[in-house]
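Heads up, the thing below is written out as structure tokens.
The values are calculated or read from the model by the stated rules, or taken from the named source; none is laboratory data. Computed from a prediction, not measured in an experiment: that's the story for all the values here. Note that each Cβ is placed from the backbone with ideal geometry, even for glycine, and that neighbours are counted across all protein chains shown. All accessible areas refer to the heavy atoms of the entire protein, side chains included, with ligands and DNA or RNA removed. Shrake-Rupley method; radii C 1.70, N 1.55, O 1.52, S 1.80 Å.
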Amino acid sequence: MKPVRWVRQFLGLDLPERIHSMPCTLPLVRAARKPVLNEAWQIEKRRRGDADDETLLSILLKQVRLLNRVRLRPAARLAFTEDIARLMIQPAGNVILRFSSEGGLPDSEQRVQWLDTVSELCTALGLSYRAMVQHYQGLSRFRYARQLKNLDLVSFRMMELAYMEQSARALRYQRLEGQTWEGLHTLACILHQAQRFDTVQKPLLQVPHFSGRQSHFFLCSRDLYTAIHTVERLNMLHWPVLWQKLLRASLYQRVWRPVLGTREEAAAARLTNRIVCGDHQAVRRVASQEQDGLYLIWDQLQQRIVSDLAEVVRHPVQADTSRLSAHLSLLGSSDRLAAAELQYQCFTQYDEHPAEPPLRQRQLKELRIFIGMEQIYPLLRHIESGGAIRAIGERLADRLAQHSAVFSDDQSAHHESQWFLLQQTAETLLLSTLETTYTTAMQIGDLAAVMLDKQDWQRPALACIRRIERRANGQATIQFQLLSSEIKPVTVEAQTDQHSPSARSNSFAALMGIHQTTRQLILPSGYRLQPGTRLRIGLHQQQADAELGHIVQAGKTFAVTALRQWQAPAQAVSQEKVLKISAL
């Protein structure tokens, strides 16, 4: 190396010009004391189970708050922050893994407490790392050149913590806040400008593979940043909790992350988004004329998602799992189609500028919602009987359906637990309610019978829960997708062997609906029949024959299938059999 070039590198004269600064304000207090981690290290040495994890996370949250209040030299702050990060990463990962099996409304007190603790800890610790990036960006060229390795480390830790925070918040059906996006976008622009985006680091975050024999790692800031954007684009507010966990098995494949490139690289792409430094939104739409900057190129991921859906549609039962993404190969055939459709819809319908739900809520006095097959089927039987036991709409269950919770702690909670209409379209309903410990259990994919006014008491519409989002004020917004305008309770007998008339048939309860003049059969989870199966359908003490058609739509708890070759009811079904199946 020539002496002149060596001198320029030593003095930092060859480094790119720094034009971006990291906005950060620590809540400093003059009399604050330094954090003390002795107790945390002692617990880490004897940590054995969930109780020790929770105790350690509580202590670390207190200490990182102290860390953000005290004035420290950069080297001392980096040492404290790294120690806390190493102590928290494993117990925080255990908490996320423990609560990744089930989730919806309402959340248990323990689940709320510890997932929120992980989110707060990631936010607070990320703020300390953010302050160090701000310090490095303000140094002279000579001192900045000496701190490049620390900048790489601090940036990678910020990305790791943001990824973990996003995971914890998604399990609670919450999105990353604008302040987090601001820090991520600014950091991405800093790393891109300094040409440090692909520097390999030793990760703290280890995600075990579902085989249990190996672990996954993100090795550079670019991988983490693009993985965070993939999760944002697929919108975890629409995903069942278990599927969220499985999805992360695919994020370590490069094809499941967007390409991060420049304006020239994005010019030939079909689907792109622009990254704006310091923006509080995840991405921006690309206009016809844009300035230089960072772009997310989604073409590769779009092809992967379309390929997954095509493979599952062509082979709904025996798909070649080697051709599918990792998370789809881990699902059973019944859930695979639903997950492939979900990821395709979330990806293609992503809105770069989502509108906030209207603040004005409409209270519909007669609005009633029944959640789950165990509530819907008895309701439809009661309507079908003409209110033989009690008038339609006057049962106790009917009155309780006006609220999302059967019980309440006080009069205010009783009022707020009512269903409020925020938005209504031809295909969806957006409702809000207060989440309490007494809220009726509901999850993504659950069926619901919806009655907006008294006229709907005789003809409830069938809907499905497609989206859940928790608000900071305790309110939850739930989006229902309308599946059928008319639904009736039926009993279904499916002949298992088409070539043997004497073959044993399976009998079960189901729903029949009409959507745009097409008859559809809504099968509950656990009943997946092949297209072409001959069915005998018991409808209001009569029987009709039909053939099962293709799957129109699949969900986590149901499948909507078309009915073909419908033959009008011909003979009566015994009342005893109807009541027996109804009781089931």
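Per residue, how much accessible surface does segment 84-131 expose to a 1.4 Å probe? Answer in Å², no decimals. Mind dumping the intermediate values first?
Values: 1600 Å² over 48 residues.
Per residue, segment 84-131 has 33 Å² of solvent-accessible surface.
For the pair Asp52 and Tyr350, how long in nm is the line joining their label points, each one 7 Å along Cα→Cβ?
Using points 7 Å along Cα→Cβ, the separation is 4.0 nm.
According to a simple spin-label model (label point 7 Å from Cα along Cα-to-Cβ), what is the distance in nm between Ser101 and Ile514?
4.4
Per DSSP H run of n ≥ 4, the term is -39500 (n - 2.57); total these for the chain, divide by its residue number, and report the mean residue ellipticity at 222 nm rounded to 500 deg cm²/dmol. Mind showing how you got there, number by number?
Values: 18 runs with 232 residues, N = 584.
Helices in the chain give a 222 nm mean residue ellipticity of -12500 deg cm²/dmol.
At a 1.4 Å probe, what is the % contribution of carbon and sulfur to the accessible area of segment 95-151?
50
Leaving ligands and nucleic acids out of the surface, order Asp152, Asp335 by accessible area at 1.4 Å, largest first. Walk me through the numbers before you get to the answer.
On the way: Asp152 10, Asp335 40 Å².
Heavy-atom accessible area, descending, gives Asp335, Asp152.
For segment 148-259, just say rounded, prolate or oblate: build the C-alpha gyration tensor, square-root its eigenvalues into a ≥ b ≥ c, call rounded for a/c under 1.5, and beyond that prolate if a/b exceeds b/c, oblate if not. Before the final figure, lay out the partial values.
Values: a/c = 1.96, a/b = 1.32, b/c = 1.48.
Oblate shape, in that a/c is at least 1.5 and b/c is the bigger or equal ratio.
Give me the extension gain from Leu271 to Gln424: residue separation times 0.36 nm, minus the current Cα-Cα distance, reported in nm with one decimal.
Details: separation 153, 0.36 × 153 = 55.08 nm, distance 2.98 nm.
Going from the current span to full extension adds 52.1 nm.
Let's see if you can work this out: charge +1 on each Lys and Arg Cβ, -1 on each Asp and Glu Cβ, no other charges. What is the dipole magnitude of the chain about its Cα centre, in debye to the nearest 20?
Working: 71 positive and 57 negative charges, 386 e Å.
In debye, rounded to 20, the chain gives about 1860.
Report the full-extension gain for the segment Glu486 to Arg471: residue separation times 0.36 nm, less the Cα-Cα distance, to one decimal in nm. Walk me through the numbers on the way to the answer.
Values: separation 15, 0.36 × 15 = 5.40 nm, distance 3.26 nm.
Value of the extension gain: 2.1 nm.
Quick one: work out Rg over Rh on the C-alpha atoms of segment 418-569, Rh as Kirkwood radius. Don't jump to the answer; show the numbers that get you there.
Working: Rg = 17.6 Å, Rh = 17.0 Å.
When Rh is taken as the Kirkwood radius, the ratio is 1.04.
Lysines near Lys245 by alpha-carbon distance under 25 Å, same-chain residues fewer than 8 away left out - which ones?
Lys202, Lys556
Hand me the GluC sites (Glu not before Pro) from segment 15-90 located in a DSSP loop with no more than 12 other Cβ atoms within 10 Å, in residue order please.
Numbers: sites: Glu17, Glu39, Glu44, Glu54, Glu82; in loops: Glu17.
Here the sparse-neighbourhood loop sites are Glu17.
What are the ³J(HN,Hα) values, in whole Hz, obtained from phi via the Karplus relation 6.51 cos²θ - 1.76 cosθ + 1.60 with θ = phi - 60°, for each residue of segment 293-298 in sequence order, with x given for Gly and Pro?
Computed from phi, the couplings for segment 293-298 are x, 9, 9, 9, 10, 9 Hz.
Would you mind calculating the gained length between Gln134 and Glu17 on full extension (0.36 nm times residue separation, minus the Cα-Cα distance), in nm to one decimal?
Numbers: separation 117, 0.36 × 117 = 42.12 nm, distance 1.54 nm.
Length gained, Gln134 through Glu17: 40.6 nm.
How large is the translational diffusion coefficient of segment 249-313 in µm² per second when you combine the Kirkwood radius over alpha carbon pairs with Stokes-Einstein at 25 °C and 0.890 mPa s? Provide the component values of the computation, followed by the final result.
On the way: Rh = 13.0 Å.
So the translational diffusion coefficient is about 189 µm²/s.
Within the accessible area of segment 426-538, what % is carbon and sulfur when the probe is 1.4 Å and the other protein chains stay in place?
Details: 2300 of 4980 Å².
Here carbon and sulfur together make up 46 percent of the probe-accessible area.
List the Cys residues of the chain that have no partner Cys with a C-beta closer than 4.7 Å.
For the chain, the answer is Cys24, Cys122, Cys220, Cys346, Cys464, because their Cβ atoms have no other cysteine Cβ under 4.7 Å.
So which aspartates and glutamates pass the test for Lys149, namely a Cα distance under 15 Å, with those fewer than 8 places away in the same chain ruled out?
Lys149 reaches Glu82, Asp198.
³J(HN,Hα) across segment 448-462 via Karplus (A = 6.51, B = -1.76, C = 1.60, θ = phi - 60°), whole Hz, x for Gly/Pro?
Values per residue, Gly and Pro as x: 8, 9, 10, 10, 7, 9, 5, 5, 7, 4, 7, 9, x, 8, 9 Hz.
May I ask you to evaluate 6.51 cos²θ - 1.76 cosθ + 1.60, the Karplus curve with θ = phi - 60°, for each residue of segment 517-534 and list the ³J(HN,Hα) values in order in whole Hz, giving x for glycine and proline?
6, 9, 6, 9, 10, 9, 8, x, 4, x, 10, 10, 10, 6, x, x, 5, 7
Arrange the residues Glu486, Glu311 by how much accessible surface each exposes, largest first, with a 1.4 angstrom probe.
Values: Glu486 60, Glu311 10 Å².
Sorted by accessible area, descending: Glu486, Glu311.
If the reach is capped at under 21 angstrom between alpha carbons, list the lysines near Lys454, excluding any in the same chain fewer than eight residues apart.
Cross-link targets: Lys365, Lys488.
Given (i) 46, 30, 22; (ii) 52, 27, 22; (iii) 42, 29, 23, which label gives semi-axes √(5λ) of the Cα gyration tensor in Å as computed from the coordinates?
(ii)
Need one number: nm distance between label points at Asn506 and Thr262, each 7 Å from Cα along Cα→Cβ, rounded to one decimal.
5.8
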